Each structure stands twice: as structure tokens, then as C-alpha cells.
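Here is the structure we will look at.
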Amino acid sequence: MSAADQIARIQVKLQELVKRYEQLQKENLKLRGELVPVKQRESEQRERIAALEQQVLVLKTSTGQLEEADRKALDKKLQGYLKEIDKCIAMLGE
């Protein structure tokens, strides 16, 4: 096989690689565009789940069916809220 034939083969393969690269770039852009709404829905679902879990905790508290683990979680959350309130009061007092 001559050097010219080898160079021609390399050029053909290089053109194929460039074409495949461009196809993959287009596919990548398309997939990135599809990913944005999926991430948005996931975020909304996570927020909804957190809100529902909070509602369940409130319902359990109001009915007196709070388990020890839930009670500790509620106490921890309330302590966090109280700390935030104290920080706000301190900032207002400055």
C-alpha cells in the first residue's frame, strides 16, 4: 500500500470522525435541553414531598400519634426556627 493510499484512508477516517463528532455534539445539545425541564420537575417534586412530610408531621402532632423519632425531628426543627428568630431579633436590635 502506497503512502498516498494510506493518507487517503486516514483522511476518510478523519472525515468520518468529524462527522460523528458533530452528530454527537448535536445530540448532546438536544439532551441538555431536555434535561433542564426534568431537573425543574424534580425540584418541584422534592419541594412538594417536603411540604407533604411537614403536613404529616403536623397531623401526627395534633392527633398525639407522634413517635419518638418524629418528636426529636420536630424538636430539632423548632430549635432551628427559634435560632433563626433570635438571629433576626438580634439583627433588628443593632
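Read the figures in this text as sums done on the coordinates, not as results from a lab. Quantities reported herein were computed from a predicted structural model and do not represent experimental measurements. FYI the Cβ positions are ideal-geometry reconstructions off the backbone, even for glycines, and counts take in every protein chain you see.
Here are some values of Kirkwood radius over Cα pairs in Å: [x] 12.6; [y] 19.6; [z] 13.5. Which one was computed from this structure? It is the one labelled [y]. A straight Cα-to-Cα reach below 22 Å connects LYS72 with the lysines LYS60, LYS83, residues fewer than 8 places away in its own chain not being considered. Axis of helix 68-93 versus longest Cα principal axis of the chain: the two differ by about 90°, to the nearest ten degrees.
Cross-link partners of LYS77 among aspartates and glutamates, defined as those whose alpha carbon lies under 20 angstrom from its own and excluding same-chain residues fewer than eight positions apart: GLU47, GLU53, GLU67, GLU68, ASP86. For the pair ILE49 and VAL18, a Förster radius of 41 Å applied to the C-beta separation gives a FRET efficiency near 0.35, rounded to the nearest 0.05. Report, to the nearest 10°, how far helix 3-63 tilts away from the longest principal axis of the Cα atoms in the chain, using its own Cα long axis and a range of 0 to 90°. Roughly 10 degrees between the two axes.
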